[in-house]
Amino acid sequence: GIQVEQSPPDLILQEGANSTLRCNFSDSVNNLQWFHQNPWGQLINLFYIPSGTKQNGRLSATTVATERYSLLYISSSQTTDSGVYFCAGGTSYGKLTFGQGTILTVHP
Amino acid sequence: NAGVMQNPRHLVRRRGQEARLRCSPMKGHSHVYWYRQLPEEGLKFMVYLQKENIIDESGMPKERFSAEFPKEGPSILRIQQVVRGDSAAYFCASSPTTYGYTFGSGTRLTVV
């Protein structure tokens with residue numbers, strides 16, 4: 001089956017710092033997505049990024065499909081960025097396998 | 001355009017009772033997925049449905065759990081004879097195709 005591994009498991013930052021989260025995934029993944037779960041439990045879709053690079057404000061993501069990894073960059077972090085970041089991979093029909101997540105805490 | 005609507009947000013059931021969780025997908029979305037999140041864990045796939053069809057139920061426990069997505073109305077995840085181990089957050093997601101998920105706010109089930 002599909003394997004998705006995320007690192008680091010925990011990350012603590014001061015407001016304003018930058019960070020990089022990593023996701024390694026197994027073969028056959030062609031549907032790679034990043035999600036943010038905020039402290040209230042809501043899941044927000046950040047990026048659908050099977051390959052290439054995308055940017056949305058202070059967040060950007062890059063997936064190198066041939067090397068089976070994806071990176072999520074958070075620049076100038078804010079306290080509202082706190083929460084859990086999930087990487088999830090799937091095959092063509094949409095079922096996703098989630099990683100264990102990276103718990104991000106941003107201190108003011 | 002409302003997002004994915006799940007209700008109830010919180011549900012408390014005694015052991016042995018039935019739990020019914022509802023999910024209304026976004027307008028125009030015909031793919032519905034259910035995931036379960038146990039405390040301090042990631043999300044685990046349960047079932048993938050399209051209208052009137054179960055496409056993949058490989059993540060559903062073999063007993064007590066069932067799901068449907070009728071021609072009219074919301075998708076329903078049904079848990080019969082709940083046990084304490086069923087306590088979790090249950091998330092529904094919908095998509096217009098096989099990618100581009102939008103999640104609902106989840107239903108937090110507590111079994112007492």
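The values are calculated or read from the model by the stated rules, or taken from the named source; none is laboratory data. No experiment lies behind these values; they were computed from the predicted model shown. Virtual Cβ from ideal backbone geometry, glycine too; neighbours counted across all protein chains shown.
Points to keep in mind about this one:
- Criterion (in a strand (DSSP E or B) and either more than 28 Å from B:His10 (Cβ to Cβ) or at pLDDT 95 or above (or both)) met by exactly one of A:Ala61, A:Ala17: A:Ala61
- Once segment B:26-78 is narrowed to residues that are among the acidic types (Asp, Glu) and within 14 Å of chain A (Cβ to nearest Cβ), the residue that is surrounded by the most Cβ atoms within 10 Å (Cβ to Cβ) is B:Glu57.
- Filter pass, B:Val12 being surrounded by 13 or more Cβ atoms within 10 Å (Cβ to Cβ), assigned to a loop (DSSP other than H, G, I, E, B), away from chain A (no Cβ under 12 Å) and at pLDDT 95 or above: no
- Cβ-Cβ under 7 Å pairs, at least 6 apart or on other chains, segment B:25-53 side part of a loop (DSSP other than H, G, I, E, B), far side aromatic (Phe, Trp, Tyr): B:Gly42/A:Phe86; B:Gly42/A:Phe98; B:Lys51/B:Phe69; B:Glu52/B:Phe69
- Condition met for B:Thr102 (polar (S, T, N, Q) and buried (at least 20 other Cβ atoms within 10 Å of the Cβ)): no
- Cβ-Cβ under 7 Å pairs, at least 6 apart or on other chains, segment B:3-22 side closer than 14 Å to B:Tyr33 by Cα and of a type in the set (S, T, N, Q), far side at pLDDT below 95 and loosely packed, with under 14 Cβ neighbours inside 10 Å: none
- Per the listing B:Leu49, B:Leu21, B:Leu77, B:Leu11, the residue uniquely more than 22 Å from A:Leu96 (Cβ to Cβ) and of a type in the set (A, V, I, L, M, F, W, C) is B:Leu11.
- Among the residues of segment B:81-104, those identified as among the hydroxyl-bearing types (Ser, Thr, Tyr), at pLDDT below 95 and assigned to a loop (DSSP other than H, G, I, E, B) are B:Thr97, B:Thr98, B:Tyr99, B:Tyr101.
- Only a single item in (1) within 17 Å of A:Thr102 (Cα to Cα); (2) in a loop (DSSP other than H, G, I, E, B) is not met by A:Val29, and it is number (1).
- Selection status of A:Ile74, modelled with pLDDT of 95 or more, within 15 Å of the chain's Cα centre (by Cα) and within 13 Å of chain B (Cβ to nearest Cβ): no
- Filter result (assigned to a strand (DSSP E or B) and of a type in the set (Phe, Trp, Tyr)) within segment B:59-80: B:Phe65
- Leading residue by the ranking (nearest to the other protein chains (Cβ to nearest Cβ)) among those in segment A:22-66 that are small (Gly, Ala, Ser) and exposed (fewer than 15 other Cβ atoms within 10 Å of the Cβ): A:Ser51
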